[in-house]
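This report concerns only the one structure given below.
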Amino acid sequence: MRAEPAVQRRLLDLAGVDTELTRLNHRRTSLPEHAQLTAAEAAVRAARDAVVEAETNAGDLDRDIRRIERDVDGVRTRTARDNQLLAGSGIGAKQATELQHELETLARRQSVLEDEQLEIMERREALEGHLGHARATLEAAEKEIAAIVERRDEALLDIDTAEAGRRRAREEVVATLPEELLAAYERRRAQQGTGAALLLARRCQACRLDLDRTAISALRAAPPDEVVHCEECGVILVRTPESGL
């Protein structure tokens, strides 16, 4: 294959653009915000679980408090009724004794219930603080996600803008290349990751290996318009006065 040296040198422009596009794609996939977002989403899930657990526990305690309040109200109602009966007339000594015994039992029951109620209310108060902390943690984690997403989107926008510019530059270079030369470049790029490279001081700038004497002699003998390749990595070698031939 043959192409004018000036045309071959435009392959270096194309390779430079492709290198930048590869770098931009790598940057897109390796943004630190991706890992940060994964960690932040895990933190939000954990915070939500903590809030749900605290709310569930709070609901259980609230139900216990309401149950005890109903029991205390029942004891008080029963106590008031018994006291009313004792204060009335027409009851016998046996019934009075039974009522007095029941009042003592009710008093003990009320004391137990009130102690239990106080304990549960203290637990509920402590849990309220824990629930508030869990909600604050969740809110902070959600704000962190929003901040990370904003940074990620800004970074992606910058990459998209740069990539669009590089793709326009690539189209401009491609439009100046013969189809056969471009096809050869694309084949090498698909195989090696790089389609063309400068031969600088007898070293291929793609594989960074010095060419041996035989290869250098063959390159020196090749016409300037002949498209040549690196014997080590296979990319198209672009020769210039700096090639050391």
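Quick look at the numbers
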| read-out | value |
| --- | --- |
| Whole-Å distance, taken between Cα centres, linking the range 178-228 and the range 83-100 | 116 Å |
| Accessible surface, per residue, of the chain when the full set of protein chains is kept, probe 1.4 Å, Å² | 61 Å² |
| Label-zone membership for the range 49-71, site GLU125, 7 angstrom Cα→C-beta point, backbone N under 16 Å | 62, 65 |
| Förster radius 45 Å - calculated FRET efficiency between GLU102 and ALA136 (Cβ-Cβ, nearest 0.05) | 0.35 |
| Difference of contour (0.36 nm per residue) and Cα-Cα distance, ARG152 to LEU86 | 15.9 nm |
| Convex hull volume per residue in cubic angstrom - Cα atoms of the range 51-103 | 53 Å³ |
| Accessible surface of the range 108-245 [probe 1.4 Å, protein heavy atoms]: carbon and sulfur percent | 50 percent |
| Inverse mean reciprocal Cα-Cα distance (Kirkwood Rh) of the range 1-136, Å | 22.3 Å |
| Square roots of 5 times each gyration tensor eigenvalue, C-alpha, the range 168-240, largest first, Å | 22, 14, 10 |
| The chain, helix-only ellipticity at 222 nm - DSSP H runs n ≥ 4, -39,500 (n - 2.57), divided by all residues, nearest 500 | -28000 deg cm²/dmol |
| Residues GLU172 and VAL7, FRET efficiency given R0 of 22 Å [Cβ-Cβ distance, rounded to 0.05] | 0.95 |
| Cβ-derived FRET efficiency at R0 25 Å, ARG70 paired with ALA46, nearest 0.05 | 0.10 |
| Centre separation in Å (Cα based) which lies between the range 9-66 and the range 105-153 | 27 Å |
| Potential extension, ALA164-THR240 segment - 0.36 nm per residue separation minus Cα distance | 24.3 nm |
| For Cα extents along the principal axes in Å, calculated from these coordinates, the label among (i) 136, 34, 23; (ii) 52, 49, 38; (iii) 51, 37, 32 | (i) |
| Histogram of C-alpha separations across the range 117-228, 5 Å bin width, % | 2, 8, 8, 11, 10, 8, 7, 6, 5, 5, 4, 4, 4, 4, 4, 3, 2, 2, 1, 0, 0 |
| Gained length - THR79 relative to ARG27, 0.36 nm times residue gap less alpha-carbon distance | 10.9 nm |
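The values are calculated or read from the model by the stated rules, or taken from the named source; none is laboratory data. Computed from a predicted structure; not experimentally measured. Glycine gets a Cβ as well: all are built from the backbone with ideal geometry, and neighbour counts include every protein chain shown. In case anyone asks, the SASA skips ligands and DNA or RNA and just uses the protein heavy atoms, side chains included. Shrake-Rupley method; radii C 1.70, N 1.55, O 1.52, S 1.80 Å.
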